[in-house]
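Nothing in this text is a laboratory measurement; each read-out follows from the coordinates by a stated rule. In this text, all values refer to a predicted model and were calculated from it rather than measured experimentally. Note: ideal-geometry Cβ built from the backbone for every residue, glycine included; neighbour counts use all protein chains shown.
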Amino acid sequence: MSTSFQNIRGTFDILPDAYSDDGGTRIAPSAEWRHVETTVRDVMRRHNFEEIRTPILEPTELVARGVGESTDIVQKEMFAFERGDTQYVLRPEITAPVVRSFLQHHLAQRGGVQKLFYLGPCFRAEKPQKGRYRQFHQFGIEILGADEARADAETIAVLMAICEALGLSDLDLRLNTLGTPERRAEYVEALRGYLEPYSDELSETSQRRLERNPLRILDTKVEHEQKLLRDAPQLIEFVGEESLAHYDEVKGLLADLGIEYEEDPRLVRGLDYYTETTFELEHPGLGAQSALAGGGRYDRLAEVLGSDAPVPAVGFAAGMERLFLALDAAAVDRPESPTPDVFIAALGDEAEQWVFRTTQELRTAGLHVAHDLKGRSLKAQMKEANRQNAPYTMIIGGNELEAGAATVKEMESGAQEEVGFSELTEVLGRLVEAQKG
Ligand code: HAM
């Protein structure tokens, strides 16, 4: 079958079977996505997080202000459009939307600290490549209303617990502190002052950043620029005592939990809302797009979005596509796609009718039952049973209908058992249970 339509570059379909995309990257089948999502939900529940779901469409101004005008996301990567006099954006991330929702619905009034998790698609108009898509999927958490270091440590602990539950090890956790926005602004000026005399030697991107967002130059991969930065003023020298004490406490709590990390004074992250602790989780199997997850504290975001009162907050988000790349690189076992418990083949019109009705009854009783909708030959039906990998099959024809009984065949061993129709649900249920057990 040929079609003139293709999915948009940088997006992909999730199918019942695994396949390779144009770049040769394996796209996991839907059963594996479900397995990862179920694991995420289970770990979130154990850590006492509640789910929040926000719209994919948000006001553009929310993202511009929340993520920051000078960031790459807002400058070049937003899928934004206008309809009537409303400016829409396909959300590029979920932190600003969660804070919007928290403020709009006065979630602080529920009392205590709000521990929220989410899972869903995000959109960024980036250049598609391995591990970098235009529609990708994040899961993450936001802890709102706690300025304690314990909230930072718990954020990282949840992320590590999810990776562990999925069987992923070999992770590198990088940690830094950005201090308060006031101290950081002082640092930015010092950095700018240091780099300006070298401005001609900088790449075009870094020259642009020198004007708009000098901190991001710390992320540079250009060797010459990295060399220049060696003698540049260090952010940590500008971070205040309170921030350092908070950072020390976070590190102490992580050590207490046995979570290993490496300090990286250059880890500034690509979103403007961060204050104090920032972190990224990397996996060696990921290549150029090495970040599996990132996050940190963003104590001022609520006020930037219009809150009268400060809402200290911390969170992380992880990329599902990158998680699959890491799971593939580490060859971690994943569940197979589910197969039917039993395939029921029919011979003749009357049997077809009986099979159609009985199939629905068995399904109501909880069994996963397959049959043929097209009234094909017995040979074709058995071929289909094979393709679908059903462990048990039954063939219903005139003789079976007359006897009120049929033979259930276990495909692997060839073992057969005669079953009366009246006890079909019970016997099939027992066989399937035994098979699974
Ligand atoms: P982020 O670092 O921009 O942070 O994104 C988090 C994760 O999303 C990345 O580590 C990566 O795994 C994945 N990701 C980002 N862009 C793409 C893309 N184009 N294709 C595939 N995966 C991608 C945030 O979004 C913050 N909201 C995290 C946060 C939550 N901070 C505090 N709370």
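Structural remarks
- For region 334-395, the set of GluC sites (Glu not before Pro) satisfying both a DSSP loop assignment and a count of at most 13 other C-beta atoms within 10 Å is given as E336.
- Tilt relative to the chain, helix 378-387 - C-alpha long axis, 0 to 90 degrees, to 10: 30 degrees
- DSSP beta bridges confined to region 342-430 are antiparallel in about 50 percent of cases.
- In the chain, the longest principal axis of the Cα atoms and the axis of helix 320-329 are about 70 degrees apart.
- Simple spin-label estimate for L257 and R357 in nanometres, 7 Å along Cα-Cβ: 5.8 nm
- Neighbour-count order for H283, H35, fewest beta carbons within 10 angstrom listed first: H35, H283
- Rounded to 5, the percent of DSSP beta bridges in the chain classed as antiparallel: 80 percent
- Take the convex hull of the alpha carbons in region 19-112; its mean projected area over all directions comes to 9.4 nm².
- Backbone N within region 1-39 under 11 Å of label point (7 Å from A165 Cα along the Cβ vector): 36-39
- Shown in residue order for region 242-252 are the 3J(HN,Hα) couplings computed by the Karplus curve 6.51 cos²θ - 1.76 cosθ + 1.60 at θ = phi - 60°: 4, 4, 5, 5, 4, 4, 4, 5, 4, 4, x Hz (x for Gly and Pro).
- For region 306-385, the alpha carbon convex hull comes to 245 Å³ per residue, rounded to a whole number.
- Dipole check for region 342-430: with +1 at the C-beta of Lys and Arg, -1 at the C-beta of Asp and Glu, and the Cα centre as origin, the magnitude is about 460 Debye.
- Least to most buried among E402, E142 (fewest other Cβ within 10 Å first): E402, E142
- Dipole magnitude of region 262-350, debye to nearest 20 (Cβ charges: Lys/Arg +1, Asp/Glu -1, about Cα centre): 400 debye
- Candidates S199, S243, S422, ranked by Gaussian network fluctuation over the chain, Cα under 10 Å, top entry: S422
- Each helix, a run of at least 4 DSSP H residues, gives -39500 (n - 2.57); summed and divided by the residues of the chain, these come to -11500 deg cm²/dmol at 222 nm.
- Considering only A255, A293, A403, the Gaussian network model of the chain with Cα springs below 10 Å gives its largest mean-square fluctuation to A403.
- Charge dipole magnitude, Cβ of K and R +1, D and E -1 - the chain, Cα centre, debye nearest 20: 960 debye
- The phi torsions of region 159-172, fed into the Karplus equation with coefficients 6.51, -1.76 and 1.60 and a -60° offset, translate into couplings of 4, 5, 5, 5, 4, 5, 4, 8, x, 9, 10, 6, 8, 10 Hz, rounded to whole numbers, with Gly and Pro shown as x.
- Taking the inverse of the mean 1/r over every pair of distinct Cα atoms in the chain gives a Kirkwood hydrodynamic radius of 25.3 Å.
- Sequence of R150, R363 once ranked by neighbouring C-beta atoms within 10 Å, starting from the fewest: R363, R150
- Rounded FRET efficiency, nearest 0.05, which uses the C-beta distance separating E223 from F5 and R0 of 41 Å: 0.40
- Note on A125 and E196: the extension gain reaches 22.5 nm, defined as 0.36 nm multiplied by sequence separation minus the Cα-Cα distance.
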